[in-house]
Amino acid sequence: MCIFLPERKIKKVLDLVSKILRQESTTIENLAETLGVLVSTFPAMELGPLYYQKAESLKTQALKHANGDFAARLTLTSDVISELQWWLNIANHASKAIEPRSIYEYLCNDASKLGWELVDEYSMRTATGEWSSEEKGFDINVLETKAVYLGLKCFSQDIRDTHVRLRS
């Protein structure tokens, strides 16, 4: 079962985004209003949170530069324009599953200053490795994240189009 945006919300998204994209520059207030509407769609937009971050960052930087003056103008960067165009392309087709898909892979990750291991708890397959001299100096959180990446890379032949639960 999926949820969808109501027609009035789709229209509002399309109108605001189109208006901003037609202008050579816009006010910080207009961008903030548009971002507020985009964020309000996230419950029905599975990928929405991935396509507003550059615009949000531009708004924040512009506000700092303008000493908090929302009436100040800014010019959209090419990254922000790409994000906003994504919204134009997807707004009519946006949906989000109410229940997540079933999880078919359970992976357990461990990393230390010496090396890393990722275990597929179902098949008991393992992937392991040692850190380079440079990597041994990294923060443990960086090593944990890198261990997940390397382990998933090892299992990528077998894990496709599924949800994975990772315990670290």
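Laboratory data are not the source of any read-out in this text; all were calculated from the coordinates shown. Everything numeric in this text was worked out from a predicted model, so none of it was measured. All Cβ positions, glycine included, derive from the backbone under ideal geometry; neighbour counts span all protein chains shown.
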Seminar exercise, completed: For the range 103-167, the Cα-Cα pair-distance distribution in 10 Å bins from 0, as whole percents, is 22, 53, 22, 3
Exercise. What angle do you read, to the nearest 10 degrees and between 0 and 90, between the alpha-carbon axis of helix 7-22 and the longest principal axis of the chain?
Worked result: 80
Seminar exercise, completed: Violations at 28 Å Cα threshold for listed pairs K19/K54; K11/K96; K59/K153 -> K59/K153
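Sequence gap at least 6, Cα distance under 8 Å: using those rules, report the relative contact order of the chain to the nearest whole percent.
For the chain, the relative contact order is 23 percent.
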Exercise. Measuring from centroid to centroid over Cα atoms, what is the spacing of the range 74-111 and the range 115-147 in Å?
Worked result: 27
Seminar exercise, completed: Treating only Lys and Arg (+1) and Asp and Glu (-1) as charged, each at its beta carbon, one finds that the chain has a dipole about its Cα centre, in Debye to the nearest 20, of 580
Problem set entry | Residue-span extension gain [Q53 to Q23] - 0.36 nm each, minus C-alpha spacing | 8.8 nm
Exercise. So how long is each side of the range 2-97 along the principal axes, counting just the alpha-carbon atoms, biggest first, in Å?
Worked result: 42, 21, 21
For this session: Kindly put T27, T77 in sequence by how many other C-beta atoms sit within 10 Å of each C-beta, fewest to most.
Result: T77, T27
Seminar exercise, completed: Residue span E135 to M1: 0.36 nm per residue of separation minus Cα-Cα distance leaves a gain in nm of 43.8 nm
Exercise. Within straight cross-link reach of K12, meaning Cα distance under 15 Å, which aspartates and glutamates are found once same-chain residues fewer than 8 apart are removed?
Worked result: E33
Exercise. Can you list the residues of the range 1-42 with backbone N under 13 Å from a point 7 Å past the Cα of A97, pointing along Cα to Cβ?
Worked result: 1-3
For this session: Using a 10 angstrom cutoff on alpha carbons, build the Gaussian network for the chain and name the most mobile of T26, T60, T128.
Result: T128
Problem set entry | Rounded to 10°, Cα long-axis angle of helix 28-40 versus longest principal axis of the chain | 50
Problem set entry | Magnitude of the charge dipole, the range 100-168, Cβ model with Lys/Arg +1 and Asp/Glu -1, debye to 20 | 160
